[in-house]
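Step one of this worksheet: look at the structure below.
The values are calculated or read from the model by the stated rules, or taken from the named source; none is laboratory data. Remember, it's a predicted structure, so these values are computed and weren't measured experimentally. Neighbour counts run over all protein chains shown; Cβ positions are idealised from the backbone, glycine included.
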Amino acid sequence: MKTLLLLRHAKSSWKDSDLDDHERPLNKRGKKDAPKMGKLLRDEDLLPELIVSSSARRCRKTAEHILHTSGYRGETRICEDLYEANAGKLREFLARLDDGTGRVLVIAHNPGLEELLEPLVGVYTPLSTAALAHVELNLASWNEFNGDTRGNLIKVWQPRELED
């Protein structure tokens, strides 16, 4: 059994139009929501064995907030392959994970995350910024993960539903 946690990065700022998309920071709401999700991971006993994040600044900063508020002390990887990755790239990435990893948290972008999640759980599941989806997979090995893989959507948390 494998557990996949999908987290869309927290809300980013569009204030500086000269900034490259990759370098956009979190905005005020993003800085408030990301820590909520770290606390949620801790409180729900969902801390992963591995966190992988897109290399985009907004994803890296979301990951930093998660690390700080959750108390996570495991491995964190920043992966350029996850920047604006579509569902196919995300599947390929997940299929290469080490089998010693039972639970992974992926911090990335839409539309790729929603495109990965929909066929995986059989229903369109919107992920607002900083939303977290918890999916259980009946897989013995990550290399079995492909376009035919089906999972059980346990829950989706939206930051606006959580207490400050």
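Pick from Ala130, Ala63, Ala85: which is in contact (Cβ under 8 Å) with a residue 24 or more places away in the chain, assigned to a helix (DSSP H, G or I) and either of a type in the set (Ser, Thr, Tyr) or surrounded by 13 or more Cβ atoms within 10 Å (Cβ to Cβ) (or both)?
Working: Ala130 fails: assigned to a helix (DSSP H, G or I); Ala85 fails: assigned to a helix (DSSP H, G or I).
The unique qualifying residue is Ala63.
Okay, residues lined up against (1) of a type outside the set (D, E, K, R); (2) out of contact with any helix residue (DSSP H, G or I) (no Cβ under 8 Å at 6 or more places or on another chain):
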residue: Arg8; (1), (2): no, no
residue: Asp21; (1), (2): no, yes
residue: Asn27; (1), (2): yes, yes
residue: Gly30; (1), (2): yes, no
residue: Lys36; (1), (2): no, no
residue: Glu49; (1), (2): no, yes
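Flag set for Ile107, criterion: touching a helix residue (DSSP H, G or I) at 6+ places or on another chain (Cβ under 7 Å), within 22 Å of Asp45 (Cβ to Cβ) and modelled with pLDDT of 95 or more. Identify the residue in the stretch 101-114 that is assigned to a loop (DSSP other than H, G, I, E, B) and in contact (Cβ under 8 Å) with a residue 40 or more places away in the chain and, among all such residues, is surrounded by the fewest Cβ atoms within 10 Å (Cβ to Cβ). Result: Gly102. Here is a check on your reading of the model: is Glu75 out of contact with any helix residue (DSSP H, G or I) (no Cβ under 8 Å at 6 or more places or on another chain), free of Cβ contacts under 8 Å to residues at least 12 places away in the same chain and closer than 22 Å to Leu139 by Cα? It is false that Glu75 is out of contact with any helix residue (DSSP H, G or I) (no Cβ under 8 Å at 6 or more places or on another chain), free of Cβ contacts under 8 Å to residues at least 12 places away in the same chain and closer than 22 Å to Leu139 by Cα.
Taking the listed residues Arg42, Arg58, the one that is closer than 17 Å to Leu113 by Cβ, at pLDDT 95 or above and charged (D, E, K, R) is Arg58, with no other qualifying.
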